[in-house]
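The next block holds one structure in the form of structure tokens; read it before the comments.
The values are calculated or read from the model by the stated rules, or taken from the named source; none is laboratory data. Please read all numbers here as calculations on a predicted model, not as lab measurements. Here the Cβ positions follow ideal geometry from the backbone for every residue, glycine too, while neighbour counts run over all protein chains shown.
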Amino acid sequence: RVCAQECKCVIGVSIHVCFDVQDLAEKHQKTLQLLRKQQTIILDDELIQWKRRQQLAGNGGPPEGGLDILQSWCEKLAETIWQNRQQIRRAEHLRQQLPIPGPIEELLNDLNSTITDIISALVTSTFIIEKQPPQVLKTQTKFAATVRLLVGGKLNVHMNPPQVKATIVSEQQAKALLKNENTRNDSSGEILNNNCVMEYHQTTGTLSAHFRNMSLKRIKRSDRRGAESVTEEKFTILFESQFSVGGNELVFQVKTLSLPVVVIVHGSQDNNATATVLWDNAFAETGRVPFLVPDKVIWPQLCDAINMKYKAEVQSNRGLSEENLVFLAQKAFSISSNNPDDYRNLTMTWSQFNRESLPGRNFTFWQWFDGVMELTKKHLKPHWNDGAILGFVNKQQAQDMLMSKPNGTFLLRFSDSEIGGITIAWVAENPNKAGERMVWNLMPYTTKDFSIRSLSDRISDLNHLLFLYPDRHKDEVFSKYYTPPLSKAVDGYVKPQIKQVVPEFTTANPDPSSGNPTYMDHGASPAPVNHSHTYGIYPPMSDSILDTDGDFDLDDTMDVARHVEELLRRPVDSQWGGQQS
């Protein structure tokens, strides 16, 4: 009788426990559904958006923002998931103590598998690149990158600091990686200093690895397709590690790919490589196969991309106006319409952007635009910010604008015919025909010219330039950038000056306070003039320090110094003797 009673008791407890465990398991099922939903919001929405902002920041977009808030969300999610896993483990332990047949065993196994998958997705997805490597990567040049685990402080990963390895892989190898194909030890080059241990920073709660001195020693290129150049070939930096979670309860192999990287071996390849990166960053779609991008985009999309890039490179809030974009559309499509609506539905292909030369030119649309950005960034930034440079105006437009203005009115426009050039157009009398006015254009200035004398000083030198279009006196606009006047003679020595002159427009304007200035004509002359003509300001000089093309290396400061010194040593009579009559 006692035994029967005890047996009933045990069976009753078992059945009660069985129902409790089953009820708990069903509640866990619902909880895991909610956790998956929350994880999707954080990983597939918020984190993906952060990565997209990071990609656009590579084109000059706004900073992607910090990761601290995202990390706090990921950490709270990790804690909740881990607590649920521990509860499921305890339920499994309870079932093992009271092995009652039924669906509970299968249900708990499913729950354990599901919670492990959720943890795996969280850990592998939150291993991210906080600081991307340069997307235009030159061999034999140091570069840096930072990877971070957004849940590293909550799952005890930092208790056994993981090591991260960086490898450069090709586009094809990246595709194979995402398909989980066996690509172990596959690489497309050799990176020095490519191993780094992750460090946990107690004050910030971050687990990260800072690669500070990586260098690409060599690159192995794949066979190129069709017209593809080396600056169109994309690589990526693969970061790999192994994380032990929860005191080695779970071990995960993790990997993440950098944004596409274009490898160059010489600085001359930089502008074409930048075009590849710009197009990829701007038009890549989320979840794409590496590194597919559309071959053509509508014109307004490209306008957004190049405007973003321009503002970032020039570091200016003054972006490209609608008129500027119409000018660029005219250049890109060889259409003369001034109506922006005529371009809104036009598409531009990658080939039009940076593979095919513009009509009648030996450079592409991007190469011309990149030259404008570089020139403005290095030498014209304050003038662009002041609104002094119209820039995106063609020769005919400049003529139409200036002919309605008084003589001496000028404007600054980017050269159509030369990469990275800017010219001055001004209206003046035609010296060969009384009463006739015409527009003159100086030969374009480039970076080399401005390394000798600034734009503002050159404008100051030219007395025939009076008003910046439409009607502002040039001193009002440029005087704050003029180089201060040289001090008077010291110890009996008179300091020389370098000034620009345009012979056809030179007027006597002596400055007794500055002694006898030495003029150096910088070859800038009105377009209508035959350049074989010997200017009447001073006779041509034979110069042994110039090369066969009559030029010297402006990239070599010693060449510049020697040339200027040679000019200044020459007697004034030898420079101006041709004018004594």
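Could you tell me which residue of the range 452-483 is nearest to Ile498 (Cα to Cα), considering only residues that are part of a loop (DSSP other than H, G, I, E, B) and in contact with a Leu (Cβ under 8 Å, 6 or more places away or on another chain)?
Ile452
Out of everything in the range 352-397 that is of a type in the set (Lys, Arg) and under 20 Å from the mean Cα position of the chain (by Cα), what residue ends up being farthest from Ser454 (Cα to Cα)? Full working, then the answer.
Going residue by residue through the range 352-397, those that are of a type in the set (Lys, Arg) are 355, 361, 377-378, 381, 395.
This time we only want the ones that are under 20 Å from the mean Cα position of the chain (by Cα), so: 355, 377-378, 381.
Values: Arg355: 33, Lys377: 14, Lys378: 11, Lys381: 12 Å.
Filtering the range 352-397 for residues that are of a type in the set (Lys, Arg) and under 20 Å from the mean Cα position of the chain (by Cα), the one farthest from Ser454 (Cα to Cα) comes out as Arg355.
Here's the yes/no breakdown for (1) surrounded by 15 or more Cβ atoms within 10 Å (Cβ to Cβ); (2) among the aromatic types (Phe, Trp, Tyr); (3) outside the structural domain of Thr116 (by TED's automatic domain parsing):
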| position | (1), (2), (3) |
| --- | --- |
| Phe239 | yes, yes, yes |
| Gln242 | no, no, yes |
| Leu259 | yes, no, yes |
| Thr276 | yes, no, yes |
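Of the residues Leu67, Leu34, Leu108, only one is outside the structural domain of Asp304 (by TED's automatic domain parsing) and in contact with a strand residue (DSSP E or B) (Cβ under 8 Å, 6 or more places away or on another chain); which? Outline the logic, then answer.
Values: Leu34 fails: in contact with a strand residue (DSSP E or B) (Cβ under 8 Å, 6 or more places away or on another chain); Leu108 fails: in contact with a strand residue (DSSP E or B) (Cβ under 8 Å, 6 or more places away or on another chain).
So the residue among Leu67, Leu34, Leu108 that is outside the structural domain of Asp304 (by TED's automatic domain parsing) and in contact with a strand residue (DSSP E or B) (Cβ under 8 Å, 6 or more places away or on another chain) is Leu67.
Given the conditions (1) under 30 Å from Pro382 (Cα atoms); (2) under 21 Å from the mean Cα position of the chain (by Cα); (3) not aromatic (Phe, Trp, Tyr), report the number of the one that Glu322 does not fulfil.
With respect to (1) under 30 Å from Pro382 (Cα atoms); (2) under 21 Å from the mean Cα position of the chain (by Cα); (3) not aromatic (Phe, Trp, Tyr), Glu322 is out only on (2).
Out of the residues in the range 429-450 that are of a type in the set (A, V, I, L, M, F, W, C) and in contact (Cβ under 8 Å) with a residue 60 or more places away in the chain, state the one that is farthest from Phe505 (Cα to Cα). Walk me through how you get there before you give the answer.
If we filter the range 429-450 for residues that are of a type in the set (A, V, I, L, M, F, W, C), which is where we start, we get 434, 438-440, 442-443, 450.
Then drop every residue that is not in contact (Cβ under 8 Å) with a residue 60 or more places away in the chain, which leaves 438, 440, 442-443, 450.
Numbers: Met438: 13, Trp440: 11, Leu442: 12, Met443: 14, Phe450: 21 Å.
Among those residues, the one meeting the criterion is Phe450.
Here are some residues: Ser268, Ser244, Ser208, Ser215. Which one is part of a strand (DSSP E or B) and more than 23 Å from Val157 (Cα to Cα)? Break it down stepwise before answering.
Numbers: Ser268 fails: part of a strand (DSSP E or B); Ser244 fails: more than 23 Å from Val157 (Cα to Cα); Ser208 fails: more than 23 Å from Val157 (Cα to Cα).
Sole residue among the options that is part of a strand (DSSP E or B) and more than 23 Å from Val157 (Cα to Cα): Ser215.
From (1) at pLDDT 95 or above; (2) more than 20 Å from the chain's Cα centre (by Cα); (3) at positive phi, pick out the condition that doesn't hold for Arg413.
All conditions are met except number (3).
Please determine whether any residue of the range 244-253 is touching an Asp or Glu at 6+ places or on another chain (Cβ under 8 Å), surrounded by fewer than 21 Cβ atoms within 10 Å (Cβ to Cβ) and either assigned by TED's automatic domain parsing to the domain that holds Gln163 or not aromatic (Phe, Trp, Tyr) (or both). Give the derivation first.
Here is the first cut: in the range 244-253, the ones touching an Asp or Glu at 6+ places or on another chain (Cβ under 8 Å) are 253.
From what is left, the residues that are surrounded by fewer than 21 Cβ atoms within 10 Å (Cβ to Cβ) are 253.
Next, only the ones that are either assigned by TED's automatic domain parsing to the domain that holds Gln163 or not aromatic (Phe, Trp, Tyr) (or both) stay: 253.
Scanning the range 244-253 turns up at least one residue that is touching an Asp or Glu at 6+ places or on another chain (Cβ under 8 Å), surrounded by fewer than 21 Cβ atoms within 10 Å (Cβ to Cβ) and either assigned by TED's automatic domain parsing to the domain that holds Gln163 or not aromatic (Phe, Trp, Tyr) (or both).
How about the range 342-396: which of its residues are part of a helix (DSSP H, G or I), over 13 Å from Leu328 (Cα atoms) and of a type in the set (Phe, Trp, Tyr)?
Once the filter is applied, which keeps residues that are part of a helix (DSSP H, G or I), over 13 Å from Leu328 (Cα atoms) and of a type in the set (Phe, Trp, Tyr), the range 342-396 yields Trp350, Trp384.
Can you confirm whether Gln87 is among the polar types (S, T, N, Q) and assigned to a loop (DSSP other than H, G, I, E, B)? Let's see the steps before the verdict.
Details: among the polar types (S, T, N, Q): yes; assigned to a loop (DSSP other than H, G, I, E, B): no.
In short, no.
So Ala166 passes all but one of these: (1) farther than 18 Å from Lys76 by Cα; (2) surrounded by fewer than 17 Cβ atoms within 10 Å (Cβ to Cβ); (3) at pLDDT 90 or above. Which condition number does it fail?
(2)
Give the residues of the range 88-143 that are of a type in the set (Asp, Glu) and either more than 22 Å from His28 (Cβ to Cβ) or touching a Cys at 6+ places or on another chain (Cβ under 8 Å) (or both), sorted by residue number. Show your work before the answer.
Step one: list which residues in the range 88-143 are of a type in the set (Asp, Glu), which gives 92, 105-106, 110, 117, 130.
Within the range 88-143, just Glu130 meets the criteria.
Across the range 91-133, what is the total count of residues that are assigned to a loop (DSSP other than H, G, I, E, B), modelled with pLDDT under 90 and either crowded, with 19+ Cβ neighbours inside 10 Å or within 35 Å of the chain's Cα centre (by Cα) (or both)? It would help to see each step written out before you state the result.
The first filter runs over the range 91-133 and keeps only residues assigned to a loop (DSSP other than H, G, I, E, B), leaving 98-103, 126, 132-133.
Now drop any that are not modelled with pLDDT under 90, which leaves 98-103.
Checking which are either crowded, with 19+ Cβ neighbours inside 10 Å or within 35 Å of the chain's Cα centre (by Cα) (or both) leaves us with none.
Summing the residues that are assigned to a loop (DSSP other than H, G, I, E, B), modelled with pLDDT under 90 and either crowded, with 19+ Cβ neighbours inside 10 Å or within 35 Å of the chain's Cα centre (by Cα) (or both) in the range 91-133 gives 0.
Can Ser208 be described as surrounded by 12 or more Cβ atoms within 10 Å (Cβ to Cβ), within 27 Å of the chain's Cα centre (by Cα), within 19 Å of Ala166 (Cβ to Cβ) and not assigned by TED's automatic domain parsing to the domain that holds Leu70? Give the steps one after another, and end with the answer.
Working: surrounded by 12 or more Cβ atoms within 10 Å (Cβ to Cβ): yes; within 27 Å of the chain's Cα centre (by Cα): yes; within 19 Å of Ala166 (Cβ to Cβ): yes; not assigned by TED's automatic domain parsing to the domain that holds Leu70: yes.
Yes, satisfied.
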